[in-house]
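Taking it in order: structure first as structure tokens, then the write-up.
What follows draws every value from the coordinates through simple rules; no lab data is involved. Computed from a predicted structure; not experimentally measured. Here Cβ is always computed from backbone atoms with ideal geometry, including for glycine, and neighbour counts include all displayed protein chains.
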Amino acid sequence: MSGFGLERQRQIFLDGLCGRKPAIPIQPAALEEGARRVMTPEGFAYVAGGAGAEVTLRAKRAAFERWAIVPRVLRDVAARDATVELFGRRLPAPLVLAPVGVLEMAHPEADLAVARAAARVGVPLIFSSQASHPMEACAAAMGDGPRWFQLYWNAVDAVMESFVRRAVACGCDAIVLTVDTTLIGWRPRDLDLAYLPFLHGKGIANYVSDPIFRASLADPGDAVERFAATFPRPSLSWADLPRLRALTKLPLLLKGILHPDDARRALDAGVDGLVVSNHGGRQGRRDRGARRAARGGRGGGGAGARPRAARLRCADGRRCVQGARPGRCRGVHRSALRVRPGPGRRGGGGGGDRGSLGRLRSHPGARGLPHGARDRPGDADAGGLNPSGAARERYGWRRIGGVRLSPSI
């Protein structure tokens, strides 16, 4: 049995026999804390921060924490094959290293170190427009390793075109246009420190090495000012895509797509692929999570998604729990739900099973209850989970998975 993870694990344990422990923390939280200690406050804020109150950033992490894998056993995993074919190239795993700008704030060798690491394992690296080293230097560090190029389309079309030509010349396999950064996100951590790395000459190596950009400078010292005057491009629109599509035959992907209508429009425009992304929660303050958007379906924004309960209100202004059609109240409200331990569950359940629903209060007009009816003595016990026989007969209570529910559910 072989594999990078197994080999790394074995080496760690063998080193432990000699009293050596990993120099780099294994736990992600410990790794983040270690980075915070060695980075500058400005660097850590730029890398770790999100937009607004960072609600989207937290929601994105929570979405991945809810993702579960159900393993299948006894499948002979002695020889595993995780390879995939993407844009005509066979890759060792269905993974691509995302573009990260201004890496010099995190590592002295910045993009060059990442390029060498990606080439060693054969995983594609997406060069960032905002890299700390020119794309040609990163390509040289990768040798024959697969790479793509992420494009920020700034206000000067000639610079964008030059970037694309350079990406083709240095062996990039695809162009990835970022479409969710036509404005820079409102990031409180950066604002509190009054720090934007580009204005300090960081993350603009591809610009100062570009012949078209340099030709526009009256003086080499004007590079930062010129960059700030032309980045980003708020006017970027669907009408601009044909110009980019005509520049190269390389696969073209759009990064930052969350809405299914945008996905369909992109494909109609001749785009070859999509990167479903909310920019790591760094752009929009209440953006939908990328995993949820990619999944589609109920609540995911896909075709046929049911309306969210939070959008529906009854005549009295309260929110309906169920996704009923407007004007047809289902009689169960968010303010009326209480979580209580379910019967037969120790400590109210654990993990994803936190217990059962408590009392469900109804209001006038609720389906299955006479107008004006409410919980009345004798209809249910004090916990609201065991209605009397009369109440069951009158209101049609039923049991699902150990929880008694009214017909309103």
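Report the gain in length on full extension from Gln11 to Asp219: 0.36 nm times residue separation, minus Cα-Cα distance, nm rounded to one decimal. Please report the intermediate quantities before stating the final value.
Details: separation 208, 0.36 × 208 = 74.88 nm, distance 5.34 nm.
Once the chain is fully extended between Gln11 and Asp219, it gains 69.5 nm.
Once the Cβ-Cβ distance between Asp157 and Arg66 is put in as r, and R0 is 35 Å, what FRET efficiency do you end up with, to the nearest 0.05? Display every interim value, and only then the final one.
Values: r = 43 Å, r/R0 = 1.22.
My answer for the efficiency is 0.25.
If R0 is 35 Å, what FRET efficiency do you get for Ala269 and Val38 from their C-beta distance, rounded to 0.05? Could you put the intermediate results ahead of the total?
Details: r = 44 Å, r/R0 = 1.26.
The calculated FRET efficiency here is 0.20.
Quick one: Cα centre-to-centre distance for the stretch 44-90 and the stretch 124-174, in angstrom?
Centre-to-centre distance over Cα atoms comes out at 25 Å.
Plugging the Kirkwood radius over Cα pairs into Stokes-Einstein for the stretch 1-122, at a temperature of 10 °C and a viscosity of 1.306 mPa s, what D comes out in µm²/s?
Working: Rh = 18.3 Å.
Roughly 87 µm²/s, to the nearest whole number.
5 Å is the cut-off here: which amide hydrogens, built 1.01 Å from N in the peptide plane, fall below it relative to Val275, excluding neighbours closer than 5 in sequence?
Leu254, Lys255, Gly256, Ile257
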